[in-house]
1. Scan the range A:6-13 and tell me whether some residue there is in contact (Cβ under 8 Å) with a residue 60 or more places away in the chain, away from DNA strand C (no atom under 12 Å from the Cβ) and not basic (Lys, Arg).
2. Those residues that are small (Gly, Ala, Ser) and within 14 Å of chain A (Cβ to nearest Cβ), I need them from the range B:24-72; list them, please.
3. If A:Lys43 satisfies every condition in (1) within 9 Å of DNA strand C (Cβ to nearest atom); (2) closer than 20 Å to B:Pro68 by Cβ but one, which is the exception?
4. Regarding the range A:5-12, can at least one residue be identified that is under 23 Å from B:Arg44 (Cα atoms) and among the β-branched types (Val, Ile, Thr)?
5. Of A:Arg72, A:Arg42, A:Arg33, which residue is of a type in the set (D, E, K, R), modelled with pLDDT of 95 or more, within 22 Å of B:Glu61 (Cβ to Cβ) and open to solvent by 80 Å² or more (accessible area, probe 1.4 Å)?
6. Quick check on my filter: what residues within the range B:3-23 are open to solvent by 50 Å² or more (accessible area, probe 1.4 Å), more than 14 Å from every other protein chain (Cβ to nearest Cβ) and either under 9 Å from the mean Cα position of the chain (by Cα) or closer than 13 Å to B:Ile51 by Cα (or both)?
7. What's the total number of residues in the range A:46-69 that are within 15 Å of DNA strand C (Cβ to nearest atom) and open to solvent by 40 Å² or more (accessible area, probe 1.4 Å)?
2 protein chains.
Amino acid sequence: MLLRNNLAANIRRIRRERGLSQEAFAAEVGIHRTYATMLESRKRNPTIDVIERIMKALNLEVGDLLGPPPNR
Amino acid sequence: MLLRNNLAANIRRIRRERGLSQEAFAAEVGIHRTYATMLESRKRNPTIDVIERIMKALNLEVGDLLGPPPNR
DNA sequence: ATGTGACTTCGAGTCCGTG
DNA sequence: GCACGGACTCGAAGTCACA
């Protein structure tokens, strides 16, 4: 399993758990709306600074974002 | 604590635990010698693909690399 | 509200070397 | 063996128009 895929799945899952649209999520994190879309579709290869901003904005641990997503 | 700092400390710690030089470590992971130096000195902002290559090369979990380093 | 292609700028990542 | 530097390429960051 690729880290990039874990990230995509975890973002989408957590974002929906919290009832956020991609736009609201992007605003929280401080990234562009379209960039958020691209992360969820595994089209980009983000740096750890971006990962960090997501973690801080959503109060997450690294495992929550990059670990294997719960299989559902 | 910044993710970039965790990474730097964890790489250096694990690399030394395994008795690898920076050069040997870089060769294992498949990155450049000088880039390995820069990661350990927190001078660069790697992508998650690089993180992944380090994890796979050294058989690590995300928490081992990006989590808070053991305080010793 | 989500997704895509295209664009510019700047830094990720490599390669040469030095002390 | 490690830190640091300059010069280079290409891809990530960040944005937009449009569907």
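1. So in the range A:6-13, the residues in contact (Cβ under 8 Å) with a residue 60 or more places away in the chain come out as A:6, A:9.
Going one step further and asking which of them are away from DNA strand C (no atom under 12 Å from the Cβ), we end up with A:6, A:9.
If we keep only those that are not basic (Lys, Arg) too, we end up with A:6, A:9.
So far as the range A:6-13 goes, yes, one or more of its residues are in contact (Cβ under 8 Å) with a residue 60 or more places away in the chain, away from DNA strand C (no atom under 12 Å from the Cβ) and not basic (Lys, Arg).
2. B:Ala57, B:Gly63, B:Gly67
3. Going through the list (1) within 9 Å of DNA strand C (Cβ to nearest atom); (2) closer than 20 Å to B:Pro68 by Cβ, A:Lys43 breaks only (2).
4. No, the range A:5-12 has no match at all.
5. Result of the check over A:Arg72, A:Arg42, A:Arg33: A:Arg42.
6. Scanning the range B:3-23 gives B:Arg12, B:Arg13.
7. Residues flagged as within 15 Å of DNA strand C (Cβ to nearest atom) and open to solvent by 40 Å² or more (accessible area, probe 1.4 Å) within the range A:46-69 amount to 2.
The values are calculated or read from the model by the stated rules, or taken from the named source; none is laboratory data. Keep in mind that this is a model prediction, so the values were computed, not measured. All Cβ positions, glycine included, derive from the backbone under ideal geometry; neighbour counts span all protein chains shown. These area figures cover heavy atoms from the full protein model, side chains too; ligands, DNA and RNA do not enter into them. Shrake-Rupley method; radii C 1.70, N 1.55, O 1.52, S 1.80 Å.
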